[in-house]
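Asker: Okay, handing you the structure first.
A short reminder: the numbers here are calculations on the coordinates, not readings from a lab. Predicted model, so just to flag it, every value in this text is computed and none were measured. So basically every Cβ, Gly included, is an ideal-geometry build from the backbone, and we count neighbours across all protein chains shown.
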Amino acid sequence: MSTQLTKKQFDILSVLAGSVSPLTQRELEKLTGHSLGTINKTVKELTEAGLIQNSGITPEGISALEPYRAKRAIFIAAGFGSRLVPITFNTPKPLVRVKGVRIIDRLIEACLGAGIEEIYIVRGYLAEQFDQLLYKYPNVRFLENPVYNEANNISSALVARELLKNAYVFEADLLISNPGIIKKYHYTSDFLAIRKDRSDDWCFKVKDGVIVEEKVGGEGEDIWQMVGISYWNEADGRRLSEDIAEVYAAPGGKERYWEQVPLVYRKEHYSVRVAPCMDEDIVEIDTFKELKAIDKTYDV
């Protein structure tokens, strides 16, 4: 079998790769959402190909997953964080502590837990303060955004555009409580989102699991509230490198949000799926009031 896996083969192998012990077909049915008949047929295919043996993944199976592995993480962390004033007068928002831990630390730890050790942080506002991360995370590398105060976050994506293949892109100010939403393997490019009956926030309209529209506000069974974490496979990451530069250079380009490149302005080049998560998995702290509600030490 070539390294090109079907989606069903990928689902089973990725679950087995994340398990410390072999799994029964009943367990695979529960964890993948595929029917028992599909599991039985696909396990047989994978066993005959030498990718599974005795209900566990083989070294050849791990090798077959390698093209789908997340290899790096890029954090967009250049902005001022004006809605978190007064805390951000002296501290970049990703470095604000919530219950004693910097916001970005939890995200970095989630990446490390998924085996992602190549980590880049695009910085701008109070850039030198991010150097403190090197004491705990010496593998972190910094990218400088010299125009963070005169362009939107597409300028940070422009700085990192050559690194987007097999890469996560994070808004660096998200408070994560479930690191398991950061996955080691991805079959396609995807964007984390939370299913909502109604949203006043940035959200996606979704059809058959694929994002077909990005907009502010929406309601209905196909509405998903956007979470600022996405993954881009090798082919899409290569396209993004070119498309981001073109959109940025176009009239009004500096005012764009970076994710509007694949989801709005060059959407015909991409098929981005939703990666579901829950409200309790992650939250964006938008205002100082919300910060005080989560961490009472600020409520003085």
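Asker: Mind sorting 271, 82, 199 by how few other Cβ atoms lie within 10 Å of their own Cβ, fewest first?
Answerer: 82, 271, 199
Asker: Shifting gears a bit: Counting DSSP beta bridges with both partners in the stretch 163-277, what percentage is antiparallel, nearest 5? Could the numbers behind the result be given before it?
Answerer: Working: 21 of 26 bridges.
Taking every DSSP beta bridge with both residues in the stretch 163-277, the antiparallel ones total about 80 percent.
Asker: Something else: How would you rank 261, 210, going from fewest to most other Cβ atoms within 10 Å of each one's own Cβ?
Answerer: Numbers: 261 27, 210 14.
Lowest count first: 210, 261.
Asker: A follow-up question, please. Sticking with the crude label model, points 7 Å out along Cα→Cβ, report the distance from residue 208 to residue 279 in nm, one decimal please.
Answerer: Going by the 7 Å Cα→Cβ label model, 3.1 nm.
Asker: Then there is this: Note the angle between two axes, namely the Cα long axis of helix 103-113 and the longest principal axis of the Cα atoms of the chain, as a number of degrees from 0 to 90, rounded to the nearest 10.
Answerer: 20
Asker: Continuing with this model, one more query. Please arrange 123, 97, 198, 256 by counting, for each residue, the other beta carbons lying within 10 Å of its beta carbon, fewest first.
Answerer: 198, 97, 256, 123
Asker: Going 7 Å from the Cα of residue 4 toward and past its Cβ, which residues in the stretch 56-75 have a backbone nitrogen under 15 Å from where you end up?
Answerer: Hits in the stretch 56-75 for residue 4 at 15 Å: 67-68.
Asker: Run the paramagnetic zone check for residue 296: 7 angstrom along Cα to Cβ, then residues of the stretch 98-117 with backbone nitrogen under 14 Å.
Answerer: 99
Asker: Please report, for the Cα atoms of the chain, the Rg to one decimal and the Dmax as a whole number; what are they, in angstrom?
Answerer: Values for the chain (Cα only, Rg and Dmax): 20.1, 64 Å.
Asker: Helix 7-17: angle to the longest alpha-carbon principal axis of the chain, degrees 0 to 90, nearest 10?
Answerer: 80
Asker: Also: What is the helix-to-structure angle for 234-249, meaning the angle in degrees between its Cα long axis and the longest Cα principal axis of the chain, kept from 0 to 90 and rounded to the nearest 10?
Answerer: 20
Asker: So what's the gap between the Cα centers of the stretch 196-232 and the stretch 102-181, to the nearest angstrom?
Answerer: Cα centroid of the stretch 196-232 versus Cα centroid of the stretch 102-181: 24 Å apart.
Asker: Provide the percentage of antiparallel DSSP beta bridges, counting only those with both residues in the chain; round to the nearest 5.
Answerer: 60
Asker: Right, something else. Given a cut-off of 31 Å, name the pairs among 184/267; 267/292; 99/165; 7/71; 93/183; 30/207 whose C-alpha atoms lie farther apart than that in the structure shown.
Answerer: In this structure, 267/292; 99/165 lie more than 31 Å apart at Cα.
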